[in-house]
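Peer 1: First, the structure itself, so that you have it in front of you.
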Amino acid sequence: MAQTKGLTARLPLKVLTPAALVLPVVLVVLLIGGVAYVQGRAAATSLEMRGVEQVHGRIGDRLGALLDGPPRWNRLVREAIDTGELDPDNLASWREPIYRQRHAFDPALGGVAWGDPRGHAVWVFRYPGKVPWELGLLNGSTGGLLIERPLNPDGSLSDDWVRETQYDPRARPWYQLGVAAGEGGAWGEPYAWQSGEGGGGALTLGLPFSSAVLDERGELRGVLDTELSLEDLSAFLRTLKIAQTGVAVITDRDGRLIAASNDARLATDQLDRLAALGSEEPDVRALAAALAQEFPGGPKSFPGQWTGTVELEQGSALMTVSGFKRDGGLNWIVMTAVPTAAFTAEVEAIRARALRIALIAVGVTLLLGMLLSAWLVRPMLRVAAHARNVGAGDLETPLQLNQARELVELSGEFNNMTAGLRERLAMRRSLAHASEVQKALLPAADPVLPGFEVVGHCNYCDETGGDYYDYLGDAETAEDGAAVVIGDVMGHGIASAMLMATARGVLRSRSREGVGIADLLTHLNALLHEASGGMKFMTMLIVNLNPAFREMRWASAGHDAPIIYHPHTDEFREPEGGGLPLGVIEDEVYEDAAVEKLPPGAVVLVATDGMWETRNVAGEMHGKQRLQDSVRRHASKPAAEIRDGLLDDLHAFRGEGPQEDDETFVVIKVLGD
């Protein structure tokens, strides 16, 4: 019947090889464009989301580090007061330590101020937009006036004056905040500063963190205040990377501006704070409007985290909003928006560059594929022809390929394979012959004894095995009757088969001298130990049957005892006794044991371990209990049918699993009168 062939089966290799190389490359060209188009937008969106979240996270981290500064500076000054390094009764001495401490904090911080219940005050401060720091001092030596003087870069007092003015720290918001907050401290609402400049300085908004300092009796010693200005906070936002491509806005929970990374005004000329929704900057209004649209309840209803889109002046942008809290009552909202073009432009550039590289790679691959396929076709055709010759039986002609090292190695492996095939065929023939010889060593027929039925079986799992059974007739023993011999050599294969054949020859030769079964084992043990040096051993069981009295004697060399079944009492017996396996110890002496008269119908089973160690596909072992149950089921049958029943039960248990050990056993059935 003609076999239907597909298109590829009808084409020659010199056509298929170039086609097989070219077709995948062409498909790659088509897929690159499609995949780049489909996945490019998804990749850009993912990149945008990650990018804006990373930018927003950096702003939150940097802002957190900045706002951790005032509480830390307050604690540092408090510790200096507690240790006596700073003396509240000598406020003029505070200038140098406070000025020195400023290096440990972010330059955006305005400075530290102190006021006490007497109305005395001191501060070391830097006003927004001004480089030099200033010292403010009000105590008994200043005549009741606050004196402000600039500091030189080394912290010393400058000869210049800023102003002299009436001042009461106890009336200032920061002082009242500290008194109310206690030693734990609190953040206050932004309030107006006025720099010096002769009393007409510019106004700005400052953000205070104030805490009270108490004495041992719990009475107020004074208030510490560390501040930063909202102007400096906006300048801090402008230093972050967001300023190049987007906008960042900070508001309080009432929607009023705290800071912005662009030039948005935070308050009116009268320092009335502005709401983000009313800002003159369109981008600030857009962010506030987007948040208000998503959360109609306003900033106070914002839950804590949101990401969406917003339209800025420079186009569509991704917007991320999160809450920002600090101990001491600070509760803000941080909004960040980054134009999508900042990310998509990079993605588009990468995609275009990848497409160009892919097209170049495709063209080069096409050219190389054509050249390579043309170069490879000829040796591959030779390989195919050689394989056909090997399949036809030509194992002598070598394959010679010289185009490349790999092809030379391929021809060498092919030649090694054919050499191995020749060796395996020769070995298979040798094993087949050895199997025939070994099977010929097994008894050709079962013995015929008065009062007994004796049948044996042996099935090897390999070509040759290590199991063995034999019969020694009454003319070959010193006792009446016949002997049944069964043995199991360690392992399988030729070596085990040779050891089995040796044992068989020794037994048959020695039994003619009229010795007992125990002497047979002792003699065979010495010879096997000498031959193998104790490196190879086998187990053996010899059962001698006495027809006159239906009695049995047995001797064991490490082999399992015979299994005896009495059907009248439904009992199984496995008599104890026996010595070491043959070949282990040279001078081992074996003894035989007698079994009482066997009743009619009794069944004696002598077997190797393959009968109970067989496993099914689930890995479960057959076991002696199942073997005994099988003997019980078939005990009423003739010996030959008992043998067949045992085999059927064993094979049914094993199922589709492989035979992993030899199956060897002899059934002895005691007959009636």
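Peer 1: Roughly what % antiparallel, to the nearest 5, for the DSSP beta bridges in the stretch 514-639?
Peer 2: Beta bridges within the stretch 514-639, antiparallel portion: roughly 90 percent.
Peer 1: Between residue 305 and residue 641, take the C-beta separation as r, use R0 = 60 Å, and let me know the FRET efficiency to the nearest 0.05.
Peer 2: Calculated value: 0.10.
Peer 1: Moving to a separate point now. Could you please state, rounded to a whole Å, how far the C-alpha centre of the stretch 305-329 is from the C-alpha centre of the stretch 405-419?
Peer 2: 69 Å
Peer 1: Roughly how many Å² of residue 568 are accessible to a 1.4 Å probe, to the nearest 10?
Peer 2: 140 Å²
Peer 1: Let a ≥ b ≥ c be the square roots of the eigenvalues of the Cα gyration tensor of the stretch 540-634; is it rounded (a/c under 1.5), or, if not, prolate (a/b larger than b/c) or oblate?
Peer 2: It comes out oblate by the Cα gyration axes.
Peer 1: Would you work out which of 640, 585, 622 lies farthest towards the positive end of the dipole of the stretch 581-673, given +1 charges on the beta-carbon of Lys and Arg and -1 on that of Asp and Glu, about the Cα centre?
Peer 2: 640
Peer 1: Further, regarding this structure: Per residue, how large is the accessible surface of the stretch 245-346? Use a 1.4 angstrom probe and give square angstrom.
Peer 2: So the stretch 245-346 comes to 43 Å² accessible per residue, rounded to a whole number.
Peer 1: Would you list, by chain and number, the aspartates and glutamates whose Cα falls below 13 Å from the Cα of residue 536, excluding same-chain residues fewer than 8 positions away?
Peer 2: Cross-link targets: 488, 586.
Peer 1: Using a 1.4 angstrom probe on heavy atoms only, work out the carbon and sulfur share of the accessible area of the stretch 505-639 in %.
Peer 2: For the stretch 505-639, the apolar C and S fraction of the accessible surface comes to 49 percent.
Peer 1: Can you spot the aspartates and glutamates whose alpha carbon is less than 14 Å from residue 241's alpha carbon? Ignore those fewer than 8 places along the same chain.
Peer 2: Excluding near neighbours in sequence, the set is 53, 61.
Peer 1: Rank these by accessible area, largest first, 1.4 Å probe: 556, 301.
Peer 2: 301, 556
Peer 1: Place a +1 charge on the Cβ of each Lys and Arg in the stretch 570-650 and a -1 charge on the Cβ of each Asp and Glu, then give the dipole magnitude about the Cα centre in debye, rounded to the nearest 20.
Peer 2: 520 debye
Peer 1: May I ask which residue of 668, 653, 598 lies farthest towards the positive end of the charge dipole of the stretch 596-669, with charges of +1 (Lys, Arg) and -1 (Asp, Glu) on Cβ and the Cα centre as origin?
Peer 2: It is 598.
Peer 1: With r as the distance between the Cβ atoms of residue 353 and residue 616 and R0 = 60 Å, compute the FRET efficiency 1/(1 + (r/R0)^6) and round to 0.05.
Peer 2: Once rounded, the FRET efficiency stands at 0.45.
The values are calculated or read from the model by the stated rules, or taken from the named source; none is laboratory data. All figures in this text were calculated on a predicted structure; none of them were measured in a lab. Note that each Cβ is placed from the backbone with ideal geometry, even for glycine, and that neighbours are counted across all protein chains shown. All accessible areas refer to the heavy atoms of the entire protein, side chains included, with ligands and DNA or RNA removed. Shrake-Rupley method; radii C 1.70, N 1.55, O 1.52, S 1.80 Å.
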